[in-house]
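Below: one structure, written as structure tokens.
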Amino acid sequence: MPTASDTPDSRSHFIRNIIEADLADGTHETVVTRFPPEPNGFLHIGHAKSICLNFGMARDYDGRCHLRFDDTNPTTEDERYVASIQEDVRWLGFDWGDHLYHASDYFEQLYAYAEHLITQGDAYVDSQDGEAIRDNRGTVTEPGTPSPYRDRSPEANLRLFREMRTGAHADGAHVLRAKIDMASPHMIMRDPILYRIRHANHYRTGDDWCIYPMYDFAHCLSDAIEDITHSLCTLEFENNRRLYDWILERCLPEEQQATRPHQYEFARLNMDYTVMSKRKLLRLVEEGLVNGWDDPRLPTLAGLRRRGVPPSAIRTFCERIGVAKANSRVDIALFEHVLRDDLNYRSPRIMGVLDPLKVTITNYPEGETEHIEAPHWPRDIDKEAHRAVPFGRELYIERDDFRMDPPDGFYRLAPGREVRLRHAYFLRCDEVVQDADGRVTELRCTYDPETKGQAKASDGRRPKGIIHWVSAAHAVPAEVRMVDRLFSVPDPEAHEDDFTAFLNPQSMPVADALLEPAVRGFSGEQRLQFERQGYFWRDTDATDDTLIFNQIIPLRDSWSTDDDPEDAATGPTKEEIEAANPQIHADPAESFTEAQHARLEHFTEALGIARDDAVQLIDTPPLADYLEAALDGHHEAQAVTNWILNELMGLVPPADLPDLPFTPEQFGVLVRQVATDEITGRVGKDVLTAMLEDGVDPQEYIAAEGLRNISDEDALREIIDGQLAAYPGKVEAYRNGKEGLLGFFMGQVMRETGGQADPKTAQKLLREALTTDTSPAAQ
RNA sequence: UGCCCCGUAGCUUAACCGGCAGAGCGCCUGUCUCUGGAACAGGAGGUUGGAGGUUCGAGUCCUCCCGGGGCAGCCA
């Protein structure tokens, strides 16, 4: 089995960064990921992104990736999907080794964790009906109301929960809920349901259970059971992470907390001209809009496989699209590019005419046949193979390669024009035969027998047009399915109308093609290029007698007559945007109390703090309190304010201010050190970090580490000269006008001095050194 | 209207602690060519959603605004 290691493009993304950081700081010694499909549908290329990510990270960091079926809902899941999913993952080129798991294997353990939560008082049995639970959950803007059963004793809960398990209760009579907060602003935390009663047969556990865990409960614990380190999922689970953490923090013992799994979310894949949701795909299949799950127009892995897309192309594509958190829609052109690039190197060339037009070569002897030796591979591909192509008096060429009235720039066949027959002779069109309706039915041509295999004719004629052909007497008929985009608009889901209204009526026209006989020599597995057309391979509907091909992707065509006038929809002008976006600055002070107004006046008048800053401090009382405590008689109230607002706020939420490992006074001392230029702002930030992490005293720490400001000009000059000497090319570039490099050199000087260089002095000296040529190299 | 997430070139994205805004696709030129393919060379394209602030220096930190997505299943 091929591994996925032949997709080398391993680019940087936030999940890779997290994994590397976790490995570097010892949080985890190895990476364990998982691909967790629910067996209730077919996999599509969106899943491929997840598969490649999960298996790819495991591969890149020498870890492992589990295949786990998330089968906690007996009413929707089915054995048949389990098989197809495994087939698809394997086809994509990934191997889970011994690590095939099912959430249903953990039902007993999950149940034990549930009892654990009940015993701890973190879960209760709710006996409201479904409607009551929904009504009492509240809305996004109104808090919920607690269930009347919320305060049952752990003993009563345990008894009830055990009864639920033994089947003493009907579906819906009770549920197990986490006891969190019915007024939480996070809907997921309003006592989420953990278990429900379902007297249903499960495809694996049969009738062993009549209670089944919900996703939020089962998933995080399944991860923990399997020692997953990085649980990667799509964006719609972002809110669920809060519950994921809540459950694991309460179910796992203290010693497991440091290495427990964590969930990270990335954007699912969307692509132009198709749909990716399970529900919509199911509709297309069920309503007969396509021919089954493996219809070659579908983005399902089964469909792509049948169409002929190689798994390596899908892997490469998944590497190339990146992994990020922004909702996005990938341009279909990227997929097509990757696909062509993959196919180019693996597809022998043959000729095939998709829309045949008969050509009679009037000066070619009747009844004669010759065989022309032609390579299967172009010059630039390092592969060697040939075949003999039969040539005769009657040929077929592509109807589209002839025009009665050739447009400008068209350099194929037209009345009186000459082209080259690929691999064969020059051919001139002498006469056009048309039927009663004016349709061209035959071309009567002459060939130049001297030009076989010649770059140009002896008189220097060298036609620019080259067209493909097949010998009429030897042509092999085949049905060719011209797979195209399923939808005629890039985003069929973004419109008012139902998405099926945008199905492309020409998504799979069928061509009655004529192929050169060499086609018979290839196995059905072999992908072929029909020269000048595209890449094709045999469809599974083909039999020994009837050849059926799918077009995997047409060749790129830089000749296009159809200039689609997609007049770039002019967006709103800058003025319009600004008019629509008034910068309304609601003033929080308008709703201040009397006391707050007094405080505001004190801050602005007595302490000299800018009004906006003062308002912000007072609007969040812990901030204002912190400022007053930090001030302790010193005068730099604005500086302390800046540090609270801009630095502290970036590191800790306001609510944590009272519990910091250092006192507000110490914070004030730190700010004074910066304000009086004892240390640089840059060092000040480092000291603040040390205070936060290790609770150090700023003054002692600065003294002990020797962090004082370097403003000695000679010392700085030496460092600057050293940096200039180290990057002569950049000095040159700076002198040639790339002034942005001043920042680069400042960065270098700062790095060199551990941030201790006095910035103003350093910048002054740097500018001098860069403009006046004093670098050692020049002396 | 509560909470969470996200806005970098047409598209997808990169940028270690704040320090030269970079790439692939697409597009346009050209070279080469017995595939209007491929390959090669070059080019255009950016107020990093906007406004303030902190800083010697902001895509990156702080505040506000705008825009997009998600959350009120006994689905996952």
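The values are calculated or read from the model by the stated rules, or taken from the named source; none is laboratory data. Remember, it's a predicted structure, so these values are computed and weren't measured experimentally. Glycine also receives a Cβ, built like all others from the backbone with ideal geometry; neighbour counts cover every protein chain displayed. The protein model used for the area step is the full one, side chains on, heavy atoms only, and it has no ligands, DNA or RNA in it. Shrake-Rupley method; radii C 1.70, N 1.55, O 1.52, S 1.80 Å.
Data for the structure
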{"quantity": "Whole-angstrom gap from the stretch A:156-184 to the stretch A:611-678, using each part's C-alpha centre", "calculated": "48"}
{"quantity": "Quarter of the Cα convex hull surface for the stretch A:290-422, i.e. its orientation-mean projected area (nm²)", "calculated": "13.3"}
{"quantity": "Cα pair distances in the stretch A:665-778, grouped into 10 Å bins until the bin that holds the longest one, percent each", "calculated": "14, 41, 25, 16, 5, 0"}
{"quantity": "Nearest-ten-degree value, helix A:332-344 long axis tilted from longest Cα axis of chain A", "calculated": "50"}
{"quantity": "Helix axis angle, A:713-726 relative to chain A longest principal axis, alpha carbon, degrees", "calculated": "20"}
{"quantity": "Lys/Arg +1, Asp/Glu -1 at C-beta; the stretch A:314-391 dipole; positive extreme among A:Ile372, A:Val359, A:Cys318", "calculated": "A:Cys318"}
{"quantity": "Estimated vicinal HN-Hα couplings, Hz - the stretch A:85-95 in sequence order (Karplus 6.51, -1.76, 1.60; Gly, Pro = x)", "calculated": "5, 4, 4, 5, 5, 5, 4, 5, x, 10, 9"}
{"quantity": "Simple Cβ-charge dipole of chain A, Lys/Arg +1 and Asp/Glu -1, about Cα centre, in debye nearest 20", "calculated": "2740"}
{"quantity": "Burial order of peptide ranges A:64-75, A:706-717 (average beta-carbon count within 10 Å, highest first)", "calculated": "A:64-75, A:706-717"}
{"quantity": "Accessible carbon and sulfur surface of the stretch A:34-115 relative to its total accessible area, %, 1.4 Å", "calculated": "43"}
{"quantity": "Net charge over other residues, Cβ less than 14 angstrom from the Cβ of A:Asp512 (K, R count +1; D, E count -1)", "calculated": "0"}
{"quantity": "Solvent-accessible area per residue, Å², over the stretch A:630-779 with all protein chains present [probe radius 1.4 Å]", "calculated": "52"}
{"quantity": "With 5 Å bins from 0: P(r) over the stretch A:615-691, alpha-carbon pairs, percent", "calculated": "3, 17, 31, 28, 16, 5, 0"}
{"quantity": "Rounded Å value of the spacing that divides the Cα centres of the stretch A:276-334 and the stretch A:205-262", "calculated": "29"}
{"quantity": "Cα Rg, Dmax, the stretch A:94-240, angstrom units", "calculated": "16.2, 50"}
{"quantity": "DSSP beta bridges in the stretch A:191-349 [antiparallel fraction, %, rounded to 5]", "calculated": "40"}
{"quantity": "Accessible-area ranking of A:Tyr106, A:Tyr727, A:Tyr273, largest first, probe 1.4 Å", "calculated": "A:Tyr727, A:Tyr273, A:Tyr106"}
{"quantity": "Debye equation applied to the C-alpha atoms of the stretch A:499-544, log10 I(q)/I(0) at 0.15 Å⁻¹", "calculated": "-0.54"}
{"quantity": "The stretch A:409-461: Rg to Rh, with Rh as the Kirkwood radius over Cα pairs", "calculated": "1.05"}
{"quantity": "Solvent-accessible heavy-atom area per residue, rounded to whole Å², over the stretch A:342-402 at 1.4 Å", "calculated": "46"}
{"quantity": "Within chain A, helix-based [θ] at 222 nm, where runs of 4 or more DSSP H residues each add -39,500 (n - 2.57), nearest 500", "calculated": "-10000 deg cm²/dmol"}
{"quantity": "Accessible surface of the stretch A:202-324, 1.4 Å probe, proportion on carbon and sulfur as whole %", "calculated": "43"}
{"quantity": "Distant-in-sequence amide H partners of A:Leu547 (H built 1.01 Å from N, under 5 Å)", "calculated": "A:Glu479"}
{"quantity": "Rel. contact order, % - alpha carbon contacts under 8 angstrom, at least six apart, chain A", "calculated": "8"}
{"quantity": "Note, ³J(HN,Hα) from phi for the stretch A:204-214, Karplus 6.51, -1.76, 1.60, rounded to Hz, x at Gly and Pro", "calculated": "10, 9, x, 9, 4, 10, 10, 10, 10, x, 7"}
{"quantity": "Rg followed by Dmax, in Å, when the stretch A:451-571 is reduced to its Cα trace", "calculated": "19.7, 64"}
{"quantity": "Cα principal axis extents for the stretch A:31-147, largest first, Å", "calculated": "50, 30, 29"}
{"quantity": "The stretch A:14-58: Cα Rg divided by the 2.2 N^0.38 Å rule of thumb", "calculated": "1.39"}
{"quantity": "Calculated P(r) of the stretch A:50-111 - Cα pairs past 20 Å, %", "calculated": "34"}
{"quantity": "Cβ-isolated cysteines (cut-off 4.7 Å), chain A", "calculated": "A:Cys65, A:Cys210, A:Cys220, A:Cys233, A:Cys251, A:Cys429, A:Cys445"}
{"quantity": "Calculated from backbone phi, Karplus (6.51, -1.76, 1.60) coupling profile of the stretch A:242-256 in Hz, x at Gly/Pro", "calculated": "4, 6, 3, 5, 4, 5, 5, 5, 9, 9, 8, x, 3, 5, 8"}
{"quantity": "Under 12 Å, Cβ to Cβ, from A:Phe69 - net charge with Lys/Arg +1 and Asp/Glu -1", "calculated": "-4"}
{"quantity": "Coil-residue trypsin sites (Lys or Arg not before Pro) of the stretch A:382-411, DSSP, other Cβ within 10 Å capped at 11", "calculated": "A:Lys383"}
{"quantity": "Radius of gyration, Dmax [chain A; alpha carbons; angstrom]", "calculated": "36.1, 112"}
{"quantity": "Cα-based Rg of the stretch A:602-650 normalised by 2.2 N^0.38 Å, two decimals", "calculated": "0.98"}
{"quantity": "Rounded to 5, percent antiparallel among DSSP beta bridges of chain A", "calculated": "65"}
{"quantity": "Residue-count net charge about A:Arg412 - beta-carbon cut-off 12 Å; Lys, Arg +1, Asp, Glu -1", "calculated": "+3"}
{"quantity": "Value of Rg/Rh across the stretch A:224-270 [Cα atoms, Kirkwood radius]", "calculated": "1.02"}
{"quantity": "Lys/Arg +1, Asp/Glu -1 at C-beta; the stretch A:36-176 dipole; positive extreme among A:Gly138, A:Leu176, A:Ala156", "calculated": "A:Gly138"}
{"quantity": "Highest to lowest packing among A:608-621, A:282-295, scored as the average C-beta count within 10 Å", "calculated": "A:608-621, A:282-295"}
{"quantity": "Protein accessible area in the stretch A:701-766, 1.4 Å probe - carbon and sulfur %", "calculated": "47"}
{"quantity": "Cα-centred dipole magnitude for the stretch A:601-721, charges only on beta-carbon of K, R (+1) and D, E (-1), debye, nearest 20", "calculated": "160"}
{"quantity": "Heavy-atom surface of the stretch A:161-306, accessible at 1.4 Å and reported per residue (Å²)", "calculated": "39"}
{"quantity": "Protection proxy ranking of A:467-476, A:675-684 - average other beta-carbon atoms within 10 Å, highest first", "calculated": "A:467-476, A:675-684"}
{"quantity": "Angle between chain A longest axis and helix A:621-631 axis [Cα atoms, degrees, rounded to 10]", "calculated": "60"}
